[in-house]
Structure formats: structure tokens, C-alpha cells
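Heads up: the structure comes next, in C-alpha cells.
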């Protein structure tokens, strides 16, 4: 669900000479800074996609003649946080662990590379019309499903339409594919046709958009855009996904319910089946103890990869004992944990009060509390790596004097009842209790920390959105990027009355800026500049009070190669480079 | 009364319990370190002079937290066990003794409550009454709610238990002869049945304390119990357990208090049982 | 007896009916919303309405309940919200055998160890064995399951890292996967049973008929086994009924920690995602087990103590 993205200052390329026979792999690490300017030349028109400074860690496999790989070559990957996938249907899957599992079985027209740029997958190439509202995809020649049948444009149209079909009832299609022409009427049931997606010929698919969009291909890259075999879905009945047929690198060999998914290489995978791996086991570690159990299994070498999902990293208490091991991988991810204020309710309808509360927290201490390396201080809306995050923002620094002066100027009554609400989960209690102490010490304000059972909390947030007058005063929340674009953070979080704007922050200048930027496609610089100005407004007025951005903290056995850590967790650009033991 | 304490173990246990209760009540007044404020430079510290029992995962003083936690755990245990004994044992005895529709009603309600999603009930209770109760009684209000939830699903075990014993007791010869002598139901229940059950009620109630304290912690983890900065023995153990490999003392102290509390309770329970059954 | 069974059968139907109703009502009154749980932290009012319609949650509660009840009567437990339309029956069918066999193993172990220890302790009440064994049993009971589980797992990690033979820290399917879950699951019940047996035995040993038995010169073994234990078993039989229910679902911690694919896990997850059809069905299943066990218990009372008439 959370698609993330990475970028910043250095480029580290690890050149990995593959082990021949039993020889030790030699690796060369090259660190360099580069400005990546990607241009994509297409037939009718030229689209400059993005210009930015990127940082990435890339492992490039030096091609060698295929040599039989020793060991069992079973890659065992922990899916913490789920005890059983709710489904493997790309139209319905939601949890990021299941999204990952699905992405091994199915694939779409496009995919992300290690730098989180869009590159071809099921589509060999595509063109964009002059008004940037029509995409025409040419399917890869000879593209086959995992059952050996040919992929046609009908299958693509079927799959995308199905993701939006209210009768199928997936949650994500209506969100990720909402910009497709006619999607709104189709999902609401007003129309039974989706005019935006059409098959021009057996190998050509055309997608028309409602609005120009710089991030449409990112949205299309989500699992709701994956190609399905029309035949297998219609013949398979309700539980067709138990025998999934897709264009991904693997096929499902066995689904051991409540235990694991056993995958084997897809012999028809277009990039060549990753036959060097005998098997990929996706092992479920559900419940609140899941990450702890996974950690113990890792210690006894019963699993090779743990902590690879943003929401379920290695439990922070284990960090001190593992952070110096070569297995330990820590990477920034596109998550921001923040405090939201109810802007329609006293006292936080007052910008001065919000600013005082923002300046009253020493976030560097919070990072120490969470453990060094577990998180980074976050002072703005965009987490590092999202395009636009490299542009400067004036942030609200920790300053007790200014904070107290603001409270005095705002005639803030320190005796009033204040409540900070949160869902009881993970380290939320730890963070909130710390924040409350900070405000008490620095501002002399008594705030009650109110834990709620998770679903009760989510209900209260909805109530706050629907009726702010009866809603929460302030709440501790989190946002993780669905795709690496500032629109997903600014327009979809803080624009007036937008679906996720629980705190009802509202500023007409902000709205105008993001509205303009959302539909700007051609001038990337101008687009990012508009977002930057909007972000500055939101930071100054404390639309959110960002606290920190947690890292992905994972462990990968040293013999496992080919995994790339990005802002959105692990990406495997080339499965043939992956080795297990 | 003296006879209860004939055994030295029972005497020591009783004194220890009294001490724990005293610490829970007046401890925080004497040892005034703030249990809510942490020091991020001293996370998970081992015992030192400034922190006699070390610090927790947020750098908060463990001794101070232990004392407030003890208070919460004892309060929850007392409320739940009171309910358990009064309602559970009471209904169980009545059901076993009178049989008929009372028995059917009590037994079937008990059956239902065993199968009941207690967690869901706790969620519901705290959602409906949560804000009202905290408004009225502050953070302790939530404690009362969690106790009530635990008690509501806890009493059937005690009821089944006493019912089974009563069924057997009421057929005993001494009860039959008392009845033949013209004693009323009330007399038989109070004078003969209850004293014979007292031992088992006490043992089972004291045994239950440990699981009540742990259950409270489980609900606490779901946000259904004490309001921060309040904590509880169970919650301290659960939290500290997650970093036991880094600092085992943080599990040890609350764990030791809980273990000793349960041991002492059970010895006192045994003493009481002996006293009641002999006396 | 036939009349007794018939009457109990009617009561059973009533219990089952009530439990579906109460669970349903509580589920719907409790805050939280299965659709919100499905949608995650993203809000889309249109989609919300659509999903509510799709799962029939926009209908009035009595219609929803009636629909559920009709389904159950026809043997259809409905479909899970969370597991994208998978029949609840599927989830239960997969989980119950695992939980039941694990629970049965644990229960057997705890009875086989707990009851004899309790009897032995009662023979010399307040003696050294009594004190020591009861303290251990008390600790087994008092120490939370997850602590025992965690310690056992940590022990395996240490064994593994020292190159010594060790058990898998989690998983299911191989015989060695059973050891730790069974030990953890039986520890609490064993402690409880041992202490209960002891208390009950001590009470019984003071009874007149035991004194009579001694006076008549019966051998110690016969006094303890035939006279005392038989009566002392009554409270133990009483708790065995609910214990079965506890181990079927109460093994949540164990199933969670050791990744055992049982029903306890399904049940708790269903509550945390407000998956009503699953919650209701698990409650129904449990109620059935408990009611049957309590029927068996009542029959056993009569067997153990013929004076208790099976009414």
C-alpha cells in the first residue's frame, strides 16, 4: 500500500562479482554524487520526467557465465505483521506484506527500478500524447502468463477495469486509478463501462486520463494495475487467486495456510526465470509478537530476511545488539509520524498555539529515546527522498522562549483540559508519553495521553473528520507514501477537506498552489516550486506537527544478494541477481 | 485469629502483604521521584545510586514506577476478586444448593460467558463508559472499567467451581442430619455449606490474582487499561520483557514483586483455609 | 436420563442462540468498523459507502442478524470480511484441528502431572515436598505464558549459537514443533490443577468417612486413591470443562509466539479487525464446546459421587 521512494546525495554502487563455484564474492563499493536527469524519448512527444539529485545504493551484478549455485537456494523471507494473507487478488490486497507477495506473482505494464524510476515491465514501450492525457502502451513481444498462455491487451483491459469494478469491491483501485477517464462514474455504479481503458489491437492498450498527471505511471505501477489472465480469473471462481496466473517472476507452488507461501520460478517470466533460486518462502509472522519471533528465527537461521516492511521493522529494543552486524541494514523510508491538531476546535484553531506546541518539543531527545539509527528528526512535511524534499524549507526550531511567548501572546489558559489521543500499538505509547512530558517541562502545560484500542482510534479519527466539533483535540498519527510524489503528501493530506485531512487544516493559498502543481506535467521545476511554497505555508502554520521519520531496519543474511534498500523498503530490480544459501 | 499465624510462613507472608500494601499507599509520598519523567541519556539503566532499581525503556525511574504500578495492580486484583467471590461464589452456591431454575440460569449464563469474546466486551465497555468515567474519576476510572470487564468474564469459573462442590456437599450425611433436625436453608448455607467451601474459594481466588494482574497488562497493551503515566506490575513486566536481553533487571524487579505477592497470597490463603476448616 | 439429556439439549440450543445474539449486538455496538479496518489509514467516503453496501453493513442491524442466523441454520457461517470473501467455515476448519490437538496434548500433560503432584503434596501437607512442589506449581501458574515462551525461545537461540542441538523457535508441521507450545500451554493449567487437587484432597482427607476408612484399617494407598481422590476429583472435573475452552482459544499467546496455525489467532485477529462473521462463529463454536463439556461434567459428578443425582 505504501509505495515509497528514495533519493538524496550519494550514489553507492556495489559491483558484485558473482561467486564462481565456492569462491568468495568480491565486491567493490563506489560512492559518487550525481545529478540524474532522465529523459525519455518517445515517438510523438518528449517528456522530461524528473530532474533531481538522488542517492542510492545499487548492487549491480556483473554478468558471468551461469554456474550451478551451491546450497539449497531457498530464500526465506519473513512477512511480519500478518498471520495469513487476506487474499492474493491484486484488486483487493492492501497490506504492504501482501502487496509484496502479490508483486512476485503478478506484474503490471511498468515497474520501479532501483532508483525508483519507472521502467518497462509488461509493456515494452509507451507513448504519451501532446496534451499528456493519453498513454499508449505496446505490450512486450511474446509476453506470456505463468501458465504459458499469451498475454493480450484484452487481459490488461480486463485487469484494470476489474480493479475499479464496484462488484469486485477492491479498495485500492478507486484510489490509485481514479484519474482514469470515467473511473468515478464506473466505481460509483453510475456507468457500467470504463471508457478510459481500451485495447487498440491485441498488443496495444490505451489509457486516457481525466487530468494531466506527473505521477500517473507511479499509480499504475501499484498492484491494482497488474495484468491478470482473464481466463484464469473467470474460470477460477471466487477463490481464483489460490491458483494465481500472472506475469511475475514466480508462481505459487503451495499456500500453507497460516504458515507460508511457497513460490518457485516462473518458467515463462519474460526476463528469464530466476532459476538460480529453487524456492522463495514467504513466511508469515503475525500478531504483535510476530517481529520478535521473526527475530529469534533469524538468530537460529530459520529465516533469511526480516524487518523488510516499514510498519514492522526489527523491534527497536534489539537494535543496540545488532546495529554493528554486517547483516543489519538501515535505510530512510518515506514515513512521517506526526501530531495532528483539530483546527476547528479551541485551542488549536489558533496558529500561535500550534506553533508553541511545535516549538516545545526537543525532537533530538525523541530520537535518542527511539534508539540511534531507528529514526531521523522530521521538521517538514516531505520526508527526505520525495522529490521536492531537497528544496529548502524554514522550519520551526525547538525554542522554549519563543514557545512560551507565543502562549502568552495567545492568552493561552494553561489549566484547560488537553488530551493527546493515540492508538495503542507498537511504540506509540512511548512516543506520546515522552511528548506529554516535554510539553509539561517546557511549556508548563498538562496534557493527558489517551491510548485507545486501534479500531476505536480509527473510528474516532473518522468522527473527527466528519464532525470536528465533537472530534479529537489532537492525535498521534503516521503517513507513508503510496507513491514517491509530493502530491501524495501535500495535496492528499492538507488540502482543504481532502479525505485524509482529519484535522481540517485549511489555507486558500496552500490550496491554490497544490491545485496548480497537481496538474502541471511538463515543467517539473515549476511544479516542485509550487509544492515547496505550499509546504512552507503548512510548516509555518503547523498543518502537521511532524516529529520523526522512522528508518527501515532490516536484517539480511550475508549470503543473500541482489536486494536494494530504497525509501519504500526492499526492491529487487533483477531477480536473477538474487542468491540464497 | 492467632491460630491463623501459627505457621511462621503464614505470618511472614501476611506481614509481607501488609508491607506491599503500605508501600503502594505511602511509598510514592516518601520516594518522590517522578515516575513519568524519563531521562533519554539513561535508557534501560542498571541499578545505580540515583536509580536504585535502574530505569525503563524510556529512562524513567523503575522504583517510582514499581510503586505506582503496585498500587494499580493491587487495586485491580482486589476489585476483581471481590466481585469474583461475592458474585461468582454466591451464585454458584445458590445454584448448587437449590438446583432448579436458578441452577439452569446460572449455569447457562456461565456457559455463555466462557464462550464470550471478553476482549470485545472490554473494548465495548471502555468505549461506552470510558470518557464518562475518566471525566468523573480521572485516570482511575479506566482502571475501574478494566476491572469490571475482567470480573464480568471471570466469575463463571468460580461459580461453576462452587456449584460443583455444593452439589456434593449438600448430599453429605451431616447436612442431611442438620436438615432433619429442622434447620432452614439459610442456616445450612451459612453455617455448613459456606464454611466447608471457604477453603477452596480462598485458594482459587488467591490463585486467580496472578492471572488477573497479567490479564490487566494484556488489555493495557491494547489501550484498554490504566491511563499513562499510570502503569501496572503486569505492564511493566510485559514492556521490560521485550528488552530482557539488554537489561534483565527490569523484568526481574516487577517480576519478583509479582511472584512474591502471589506466593505470599497463596500461603496466607492456605493459612486461612486451614483456619476456616478446622475452626 | 433421557429426559435430562433432552432438557439439556434444549438449554444448549438456547445458549447457542443467545451467544450469537449477544456477540452480534456487542460487535455492532463496539466502536470500530470493519470497513475502516479494510481501508487502512486512507479515507475515501465514496469507497467507504460502496464497501459497506457490498458487505451488507448498510442494512439495519436486525436484518443483518436475521440474515446471519438464517445462514447458520442452513449450515452457512457466512464469509469473512477480512479474508476477502473466504467462507468462515474454511478458517475454522483449518484452525480447529490444530488448536484442538495442541490443546488436548497440553491438557493431558497437565492432568497427568498436575493431579499426581497435588495428591502427593496433600499426603504430607506442609511437609518439604508439599512446600517445594507447590511453590513451583504456583510459579508455573503465575508466570505469564509469553514469558515462559520467550525464555524457552531465547534458550534455543543460545543452544543454536553454541552449536548444540536445539528446537525450532517457531513453526508448525514437524514433531519437534510441538514441544515448546505444549510445555508453555500446559504450564499454567498444570500449576492450577496441582494446587486445586491439593486443596481439595486436604479438604476430603478430613472428612468422617476417610477417618472411618483409616479406622477400619484400610491401606494408605486405598484410602488415598479409592476414597479421597475420587471425591477430590469433583472440583478438578469442574474446571476441566472450561479448561478445554481456554486451551482452544486461550492458546492465543502460544499460537502467536510459536506461529501455530490455530483458531486462537484467527479469533483475536477477527476482533481487532471487527470481522463480525468470524467473531460470531468462533463464539458459537466455543459455546458449543463449553456447553457440551459442562454437560459431560454434570454427568461425571453423578459417576464420581453417586449421591449427586443427575437431575
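Just so it is clear, none of the values below were taken in a lab; they were calculated from the coordinates. It should be emphasised that the depicted structure is a prediction, and the values quoted were computed from it without experimental measurement. Note that we place each Cβ from the backbone using ideal geometry, even for glycine, and neighbour counts take in every protein chain shown.
A few points about this structure:
- 5 Å binning of all Cα-Cα separations within region A:182-252, expressed as whole percents from 0 upward: 3, 12, 15, 23, 22, 16, 7, 2
- Antiparallel bridge percentage (DSSP; both residues within region A:335-550; nearest 5): 60
- Footprinting exposure proxy for A:544, A:439 (fewest neighbouring C-beta atoms within 10 Å first): A:439, A:544
- With only Cα atoms counted, region B:35-169 has Rg and Dmax values of 20.6, 66 Å.
- Among beta bridges that DSSP assigns inside the protein assembly as shown, antiparallel share in %, nearest 5: 75
- Evaluating kT/(6 pi eta Rh) at 10 °C and 1.306 mPa s, with the Kirkwood radius of chain A over Cα pairs in the Stokes-Einstein relation, gives 63 µm² s⁻¹.
- Antiparallel DSSP beta bridges within chain A, percent to nearest 5: 75
- For chain C, built as a Gaussian network whose Cα springs stay under 10 Å, the top-fluctuating residue of C:51, C:109, C:240: C:51
- Across the alpha-carbon set of region A:67-107, the Rg to Rh ratio works out to 1.12, Rh being the Kirkwood radius.
- With q set to 0.14, 0.22, 0.25 Å⁻¹, the log10 of I(q)/I(0) for region C:172-273, from the Debye formula over equal scatterers at the Cα positions, is -0.68, -1.07, -1.22.
- Relative packing of A:391-400, A:451-460, B:190-199, which averages over residues the other C-beta atoms within 10 Å, highest first: A:451-460, B:190-199, A:391-400
- As a proxy for reagent exposure, ranking C:81, A:531, C:65 by other Cβ atoms within 10 Å from fewest up yields C:65, C:81, A:531.
- Above 29 Å, the calculated P(r) of chain C contains 52 percent of its Cα-Cα pairs.
- The Cα trace of region C:88-260 gives Rg and Dmax of 19.1, 62 Å, the first to one decimal, the second as a whole number.
- One Cα centroid belongs to region C:1-34, the other to region A:247-293; the line between them spans 41 Å.
- Each peptide among A:486-496, C:158-168 gets the average number of other Cβ atoms lying within 10 Å of its residues, and from highest to lowest they stand as A:486-496, C:158-168.
- Kirkwood analysis of the Cα pair distances in region C:56-123 returns a hydrodynamic radius of 15.5 Å.
- Packing-based order for A:506-514, A:405-413, A:243-251, using average beta carbon neighbours within 10 Å, highest first: A:243-251, A:506-514, A:405-413
- The angle separating the long axis of helix C:88-123 from the principal Cα axis of greatest extent in chain C is about 20 degrees.
- Summed over qualifying helices (DSSP H, 4 residues or more, each -39500 (n - 2.57)) and divided by its residue number, the protein assembly as shown shows a 222 nm mean residue ellipticity of -16000 deg cm²/dmol.
- Per-residue mean of C-beta atoms belonging to partner chains within 10 Å, peptide B:222-233: 5
- q = 0.13 Å⁻¹: log10 I(q)/I(0) that the Debye formula gives for region B:4-278, counting C-alpha atoms only: -0.93
- Between region C:137-203 and region A:375-447, the alpha-carbon centres lie 44 Å apart.
- Centroid-to-centroid, using Cα positions, region A:538-581 and region B:66-128 are 48 Å apart.
- Each Cα pair of region B:161-279 feeds into the Kirkwood radius, which the Stokes-Einstein equation turns, at 20 °C and 1.002 mPa s, into a diffusion coefficient of 124 µm²/s.
- For region C:261-311: rounded, prolate or oblate by the Cα gyration tensor [a/c cutoff 1.5]: prolate
- Eigenvalues of the alpha-carbon gyration tensor of the protein assembly as shown, scaled by 5 and square-rooted, set the equivalent ellipsoid semi-axes at 56, 33, 29 angstrom, largest first.
- A:255, B:155 arranged by Cβ crowding within 10 Å, fewest neighbours leading: A:255, B:155
- Test item: A:485-492 mean partner chain Cβ contacts at 10 Å: 0
- q = 0.10, 0.14, 0.18 Å⁻¹, region A:335-550: log10 I(q)/I(0) [Debye, one scatterer per Cα]: -0.41, -0.83, -1.40
- For chain A, the relative contact order works out to 19 percent when only alpha carbon pairs closer than 8 Å and six or more residues apart are counted.
- Seen against the Cα atoms of chain A and their longest principal axis, helix A:524-540 is set at about 30 degrees.
- Per residue, the convex hull volume that the Cα atoms of region A:119-162 enclose (Å³): 87
- Fluctuation leader among C:193, C:295, C:73 - chain C, Gaussian network, Cα springs under 10 angstrom: C:73
- Mean partner shielding of peptide C:196-204, defined as the number of other chain Cβ atoms within 10 Å of each residue Cβ, is 4.
- A Förster radius of 35 Å combined with the Cβ-Cβ distance from residue A:496 to residue A:147 puts the calculated FRET efficiency at roughly 0.10.
- Computed Kirkwood radius, in angstrom, where 1/r is averaged over Cα pairs of region A:198-290: 16.2
- Degrees between helix A:508-518 axis and first principal axis of chain A (Cα, 0 to 90, nearest 10): 10
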